[in-house]
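The next block holds one structure in the form of structure tokens; read it before the comments.
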Amino acid sequence: ATCQKLNDWYSQCLPGGGPTTTSVPPTSDPVPTTTTTGTGPAPTGCPAINTNLAANSKLPDPFTFTSGARVTTKADWACRRAEILQLFQRYELGTFPPKPQSVTSSLSGNTLSITASEAGKSITFSVSISRPSGTGPFPAIIAYGGMSIPTPSGVAVITFNNNDIAAQDGGGSRGQGKFFTLYGSGHSAGALTAWAWGVSRIIDALEQTPSANINTQRIGVTGCSRNGKGALVAGALDSRIALTIPQESGSGGAGCWRISDAMLRGGINTQTASQIVGENVWLSPLFNQYTNQVNNLPFDHHLLSALVAPRGLLVIDNTSIDWLGPQSVWGCQKTANKVWQALGVADGMGVSQIGNHNHCAFPSSQQGDLDAFVNKFLKGQSANTNVMRTDGANNVGFVEANWVSWTVPTLS
Ligand code: MCU
């Protein structure tokens, strides 16, 4: 394909690449058929999942089940969401284990220690809680590796040492960390999934520790870059999280695999599925067989974001770093917003994509966007969260018709 011009890449670099045949799902399927902790009880009466993968070079339709049935109601969406959760675990993230047999916690000063036990094994990890002045219970943001966005007033920060739960020390660090001590080093979860499990245990602990003085109905999660990928996965997997704020998360986060591949075909040095699985252990080994045929995946990351709906999602991004796939993030997340549109809450999900700053350096020009989402979703105030903006000249050229071949229903 002619796919050369950087400035014009959206018109040059159409969907494509990869085989058009179907692919065989993994033979050993460790994925449970029930939805997991934090997502509430599994919806009933849902269509059976169809795992015969069909190649699709565009972004898969959020509103059609793998069975072919259409999503027309909000109840259908609950089923479709459960299906998408299963698909992500099966092909990319690995199994997200349910709440372990026992989760206990103790608070000492600002340190919350959490012990999780399952099948005779147990692990303990701790988080530090920094509370604002005033009277709680406070809203809180769980920050992977500490805050990389400005701490909003009146909001507690819970610092999560995600690397302690699952290592991310390059391709050789698979199976290391406390999650794997508990579940075994051969567990299918990638680091992003293991960290999300850790976030779920933090929320369990906060729920059972009123003296921590945190309002568990008002929990946000954030992280930047690799930790931004983690924050997005946590928001997708645990529906107790009210606001998800991935920052500059790139491929494996807010980018779509298919669009990132098209960018690379267009000569842009950007991270793709093929590269990411060698660089680090963020994803399940189950994903490896799909990285050269992402068109066979029954999802892309617009559907990872869609798992967050109708809860709050603010994608904070940077247009200046090609490696992060800014065009991919923009097209992917504009498309994800259609799920919030269908649910009647389009302004529950925003994208703020601004360049000319270092990686993970939050520019003051995005402060208003952040404040609006925090005010609405963590403080319960009314705020204008209609945020869908980019300063990327290439990005506004996203040709939706190249990537989206479905329409958006209004779900009743
Ligand atoms: C955007 O996140 C990652 C990226 O996926 C990696 O390829 C790169 O090595 O590191 C980024 C990061 O985490 O930077 C702090």
Considering only segment 139-155, I want to know if a residue exists there that is within 16 Å of the ligand (Cβ to nearest atom), part of a helix (DSSP H, G or I) and within 25 Å of A361 (Cβ to Cβ).
no
Taking segment 364-388, which residues are surrounded by 15 or more Cβ atoms within 10 Å (Cβ to Cβ) and not in a loop (DSSP other than H, G, I, E, B)?
Q366, D369, L370, D371, A372, F373, V374, N375, K376, F377, M388
I need the full set of residues from segment 209-224 which are assigned to a strand (DSSP E or B) and away from the ligand (no atom under 16 Å from the Cβ), in order please.
I214, N215, T216, Q217, R218, I219, G220, V221
Scan A361, A336 and give me the residue that is among the small types (G, A, S) and not in a helix (DSSP H, G or I).
A361
Of the residues I276, I245, I202, only one is touching a strand residue (DSSP E or B) at 6+ places or on another chain (Cβ under 9 Å) and in a helix (DSSP H, G or I); which?
I202
Among the numbered conditions (1) closer than 18 Å to A336 by Cβ; (2) part of a loop (DSSP other than H, G, I, E, B); (3) open to solvent by less than 10 Å² (accessible area, probe 1.4 Å), tell me where T270 comes up short.
(1)
Could you say whether any residue in segment 354-374 is away from the ligand (no atom under 15 Å from the Cβ) and of a type in the set (V, I, T)?
yes
Name the residue, out of S305, S284, S251, S200, that is buried (at least 22 other Cβ atoms within 10 Å of the Cβ) and within 14 Å of the ligand (Cβ to nearest atom).
S251
Given the conditions (1) closer than 30 Å to T151 by Cβ; (2) away from the ligand (no atom under 16 Å from the Cβ); (3) in contact with a helix residue (DSSP H, G or I) (Cβ under 7 Å, 6 or more places away or on another chain), and given that K334 satisfies all but one, which numbered condition is not satisfied?
(3)
Would you mind telling me which numbered condition in (1) crowded, with 24+ Cβ neighbours inside 10 Å; (2) among the β-branched types (V, I, T); (3) away from the ligand (no atom under 16 Å from the Cβ) T181 fails?
(1)
Of residues in segment 308-333 being open to solvent by 10 Å² or more (accessible area, probe 1.4 Å) and outside any loop (DSSP other than H, G, I, E, B), the one nearest to T270 (Cα to Cα)
W323
Keeping to segment 338-363, report how many residues are open to solvent by less than 10 Å² (accessible area, probe 1.4 Å) and of a type in the set (S, T, N, Q).
2
Scanning segment 254-265 residue by residue, those crowded, with 24+ Cβ neighbours inside 10 Å and either more than 10 Å from the ligand (Cβ to nearest atom) or more than 20 Å from L307 (Cα to Cα) (or both) turn out to be C256, W257, R258, I259, S260, D261, A262, M263
Give S188, S239 a once-over and let me know the one that is within 23 Å of S251 (Cα to Cα) and open to solvent by 30 Å² or more (accessible area, probe 1.4 Å).
S239
When residues of segment 217-239 are filtered for being in contact (Cβ under 8 Å) with a residue 40 or more places away in the chain and in contact with a Lys or Arg (Cβ under 9 Å, 6 or more places away or on another chain), how many remain?
5
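The values are calculated or read from the model by the stated rules, or taken from the named source; none is laboratory data. Since we're looking at a predicted model, the values are computed, not measured. No Cβ is skipped: glycine too gets one built from the backbone with ideal geometry, and neighbour counts run over all protein chains shown. Ligands, DNA and RNA are stripped out before the accessible areas are found, and what is left, the full protein with its side chains, is counted by its heavy atoms. Shrake-Rupley method; radii C 1.70, N 1.55, O 1.52, S 1.80 Å.
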